[in-house]
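Shown next, in structure tokens, is the structure this report addresses.
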Amino acid sequence: MTIEEVLVDAAAAVKSARDVLEQKELALRDILPPCSDLDDPYSITSEDAADYIYTARYALDDAECAINDLIKAANARSLSRDKDEEVK
């Protein structure tokens, strides 16, 4: 596998994970009232879990942007290498 193929594969996996998490976040937000451990008044709720997923989704957005920048850099490097080879 080339560097570009690894990066494209990683970007696709990140996008897929983000899409799945978005669906799960929305499902958790649809639980009304938010479920929690009734024996522990300070327990985490389904709304808290949805908030964590929301944060994770935005971290995945950052990862996808970084990977896309790396793909562009790898492609630019590949193009400049091809031009160098044409000159020879």
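A few remarks follow.
- Qualifying residue in segment 26-44 (condition: modelled with pLDDT of 95 or more, open to solvent by 90 Å² or more (accessible area, probe 1.4 Å) and over 16 Å from Glu4 (Cβ atoms)): yes
- In the condition set (1) assigned to a helix (DSSP H, G or I); (2) over 16 Å from Ala12 (Cβ atoms); (3) in contact with a helix residue (DSSP H, G or I) (Cβ under 9 Å, 6 or more places away or on another chain), Asn68 is compliant with all but (2).
- Taken over segment 45-65, residues that are more than 16 Å from Ala12 (Cα to Cα) and either of a type outside the set (S, T, N, Q) or at pLDDT 95 or above (or both) amount to 10.
- Check on Asp19, closer than 17 Å to Thr55 by Cβ and either surrounded by 12 or more Cβ atoms within 10 Å (Cβ to Cβ) or without any contact (Cβ under 8 Å) to a residue 60 or more places away in the chain (or both): yes
- Pair list, Cβ < 7 Å and 6+ apart or interchain, from segment 36-65 residues that are small (Gly, Ala, Ser) to residues that are open to solvent by less than 90 Å² (accessible area, probe 1.4 Å) and part of a loop (DSSP other than H, G, I, E, B): Ser36/Ser43; Ser43/Asp37; Ser46/Ile31; Ser46/Pro34; Ser46/Cys35
- Output for segment 46-74, where each listed residue is loosely packed, with under 14 Cβ neighbours inside 10 Å and among the polar types (S, T, N, Q): Thr55
The values are calculated or read from the model by the stated rules, or taken from the named source; none is laboratory data. Keep in mind it's a predicted model, so treat the numbers as computed, not measured. Quick reminder, even Gly has a Cβ in these numbers, built from the backbone with ideal geometry, and neighbours come from all protein chains shown. SASA here: full protein model, heavy atoms, side chains in, ligands and nucleic acids out. Shrake-Rupley method; radii C 1.70, N 1.55, O 1.52, S 1.80 Å.
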